[in-house]
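The values are calculated or read from the model by the stated rules, or taken from the named source; none is laboratory data. These numbers were taken from a predicted model, which means no experiment stands behind them. Quick reminder, even Gly has a Cβ in these numbers, built from the backbone with ideal geometry, and neighbours come from all protein chains shown.
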């Protein structure tokens, strides 16, 4: 390496080190807490873990289930399949 290249690489390395040390906010500053009652109100989104179905009277659900061969890159797999529908009765 010649003298101008080593001086340039030293300057770049020193600049990056100073940026990492002084240019970034500390973790405590970046994650500062706001007092209660201040700041925007945040409400987590509500998620339903199940589906509620309220069918009309005299309806019930009929299902048909079977196994189907599926050809995958890892090999042939026996995979369960099913279909359901509402029936009057």
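Out of curiosity, is residue 75 at pLDDT 65 or above and at positive phi?
It is true that residue 75 is at pLDDT 65 or above and at positive phi.
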Confirm whether residue 27 is at negative phi and at pLDDT below 75. yes
Please give the number of the condition residue 60 fails out of (1) modelled with pLDDT of 85 or more; (2) over 32 Å from the mean Cα position of the chain (by Cα); (3) surrounded by 10 or more Cβ atoms within 10 Å (Cβ to Cβ). (3)
